[in-house]
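Let me begin by presenting the structure, written as structure tokens, before commenting on it.
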Amino acid sequence: MRRILAWLDDRVDLVGIRRVLLDRKMPSELTWWHTLGSATLTVFTVQVVTGIVLAMSYSASPDHAYDSILYLQQHVLSGALVRGLHHWGASAMVVLVMAHMIRVFTMGSYKYPREVNWLLGVGLFFIVMGFGFTGYLLPWDQKAYWATQVGTNIAGTTPVVGETLVKLLRGGTQLGAATLARFYALHVLLLPVLLVSVVLVHLTLVVRQGIAPRAHVLEKNAPARTTDPAYPAYYEETYAASKGEGVPFWPNIIAKDLIVATGVILVLLLLAHFKGAGLEPPADPTDTSYVPRPEWYFLPFYQLLKLVPGSMEAAVAAGLPALMVLVLLMLPFFDKRSKRMLAHRPVARLALFGVLGASAFLIGASVRDEPPAVPPEVGHPLNSVQRAGRALFKAQQCGSCHAVAGVSTPDKNSDVPDAPDLTDIGLHHSASWMHSFLEDPSRFHTDSKMPAFGPPTLSHEEIEEISQYLATLRGPHGDAKEPQFVDTFPEPKKLQEHP
Ligand code: HEC
């Protein structure tokens with residue numbers, strides 16, 4: 001062993017590598033916050049390993065993607081756990097990258113001489129978001145399909161290049177097989193190569209420049225601006241001094257990183273085991289009644305778009321991300337004051353808490369807006385006629401008068417008469433009764449407050465769709481309870497009287 005090592009050392013300078021990587025001195029009093037970067041790297045490793053396992057049973061075509069995930073979950077050893085790890089790992093990446101950026105921001109570590117590494121970090125952040133966006137589509141379930149539909153639509157509102165951008169993302173005008181193949185290629189080929197390359201440069205710079213010390217260390221007697229010709233010399237001296245009483249990277253810093261890594265992996269395992277990764281019904285491009293929801297880290301942006309008036313939407317959809325990129329990239333260039341502690345940087349403080357507060361508010365608002373996850377009537381999946389009926393039920397605003405399982409969408413401007421609750425209407429009336437009733441309720445009750453939906457309001461086909469849907473409403477018991485129809489039809493005479 002010794003001889004092999006000596007042989008290797010002779011050729012690749014192991015001792016030199018060790019000196020550069022492990023023996024380097026770090027500023028003392030690094031905080032636990034300084035472990036966030038390495039924690040991100042840990043999760044990335046988890047993503048690579050679980051991603052490879054997932055790719056082994058995944059098939060990137062609309063016909064097979066969903067089934068391949070089902071197969072993985074049900075028949076591959078620990079398949080569900082691996083998928084859970086990858087799912088939660090994705091969120092963890094976003095959380096950790098953001099936390100790491102916030103740490104660097106609050107400690108002013110993006111200032112001289114680490115501007116370039118900040119830029120690389122911003123690049124990494126967007127690559128991670130790209131992973132999230134492309135990965136979301138891959139299970140090809142309802143959530144995946146409709147969230148990507150919305151996401152690509154938003155890209156389409158970009159002025160001038162919008163249309164081209166959508167075509168580029170979707171691989172055509174429609175979301176389909178080409179999109180899935182494209183997203184998969186980006187997710188497993190392009191983005192990983194990009195991420196690994198940028199991370200390598202990022203880490204090389206960290207090793208070369210050393211970790212930034214705590215903010216107050218670089219404030220004492222510092223020239224006011226980092227552009228001051230005296231600043232580099234001041235920096236060298238102070239940084240060297242901070243390392244004078246410093247700690248070695250190995251084992252002190254590594255130990256801390258390892259503790260955090262173990263904790264992070266443990267949390268991921270718990271989440272993957274107990275919560276797993278959800279899977280909704282397979283994507284159904286005809287089900288326009290599905291309410292799409294993006295992954296949580298896109299929620300603030302998504303919610304904001306819902307709040308701005310329609311005429312402003314395009315501007316915000318394209319402008320805000322562009323502005324964000326610009327501000328993040330320009331940050332080290334317009335902030336040249338040498339102050340690093342957040343306490344001494346009022347504008348930075350305001351910006352940080354402003355952005356965090358606004359995001360929290362928007363996430364909160366969108367959680368409040370959330371429609372009930374599963375329509376209450378679904379004891380079994382609806383067929384396409386019933387789904388069309390459900391969509392019409394919404395479009396015709398039946399819910400403005402009628403409640404279904406406690407959900408109604410009262411229209412405050414109209415003076416709504418007391419309408420029966422339809423939660424278990426399917427237990428009391430047959431679809432054919434519903435059909436004649438909807439056509440013209442006044443045939444049934446002369447003073448009915450229910451509007452007639454017969455032609456020209458709705459076609460017979462549409463009324464049939466709603467009726468089929470209503471027949472599926474069986475209340476909390478679902479299909480378990482046998483319907484007892486109490487259909488009574490108006491006298492034929494009365495029918496004739498009606499024009
Ligand atoms: C303006 C309020 C209003 C709207 C909108 C409305 N309804 Fe009604 N609906 C009523 C009222 C009031 C009754 C009870 C009156 C009656 O039985 O004739 C009723 C009765 C019904 C019944 C019979 C319930 C029972 O137990 O006898 C059904 C089924 C029904 N509505 C379905 C619908 C559907 C489907 C839509 C949408 C296409 C709709 N309603 C839209 C007010 C409304």
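The values are calculated or read from the model by the stated rules, or taken from the named source; none is laboratory data. Owing to the predicted nature of the structure, the values given are computational and were not obtained by experimental measurement. Cβ coordinates were reconstructed from backbone atoms using ideal geometry, including for glycine residues, and neighbour counts include every protein chain displayed. All accessible areas refer to the heavy atoms of the entire protein, side chains included, with ligands and DNA or RNA removed. Shrake-Rupley method; radii C 1.70, N 1.55, O 1.52, S 1.80 Å.
Brief remarks follow.
- Computed extension gain for A358 through V308, at 0.36 nm per residue and net of the alpha carbon distance, reaches 16.6 nm.
- Violating pairs (Cα-Cα greater than 23 angstrom) within the set K220/K336; K275/K306; K111/K256: K275/K306; K111/K256
- Highest mean packing comes first when the peptides 120-130, 6-16 are listed by Cβ atoms within 10 Å, giving 120-130, 6-16.
- Student exercise, the chain dipole from Lys, Arg, Asp, Glu Cβ charges, in Debye to nearest 20: 3060 debye
- Ranked by the mean number of other Cβ atoms within 10 Å of their residues, highest first, the peptides 21-34, 174-187 come out as 174-187, 21-34.
- Remark: spin-label model distance V206-F489 equals 7.6 nm, labels positioned 7 Å along the Cα→Cβ axis.
- Region 289-373 shape via C-alpha gyration tensor axes, a/c threshold 1.5: prolate
- q = 0.26, 0.31 Å⁻¹, region 37-84: log10 I(q)/I(0) [Debye, one scatterer per Cα]: -0.90, -1.08
- Calculated over the chain: convex hull of Cα atoms, volume per residue (Å³): 204 Å³
- Ranking P285, L195, P27 by how far each Cα lies toward the positive end of the dipole of the chain (charges on Cβ) leaves P27 at the top.
- Label reach from A99 (point 7 Å along Cα→C-beta): in region 34-78, amide nitrogens under 19 Å belong to 34-48.
- Computed over the chain: relative contact order in percent, which uses C-alpha pairs under 8 Å that are six or more apart: 18 percent
- Other residues whose C-beta falls under 15 angstrom from the C-beta of D67 contribute a net charge of -3, scoring Lys and Arg +1 and Asp and Glu -1.
- For the chain, the solvent-accessible area with a 1.4 angstrom probe is 55 square angstrom per residue.
- The fraction of accessible area contributed by carbon and sulfur in region 247-352 is 76 percent, rounded to a whole number (1.4 Å probe; ligands and nucleic acids excluded).
- Cα lying deepest toward the dipole's positive end in region 17-368, options P321, G354, A224, charges on Cβ: A224
- Applying 0.36 nm per residue to the separation of A230 and S57 and subtracting their alpha-carbon distance, the gain on full extension is 56.4 nm.
- Scoring 104-113, 63-72 by mean Cβ neighbours within 10 Å over their residues and listing the highest first yields 104-113, 63-72.
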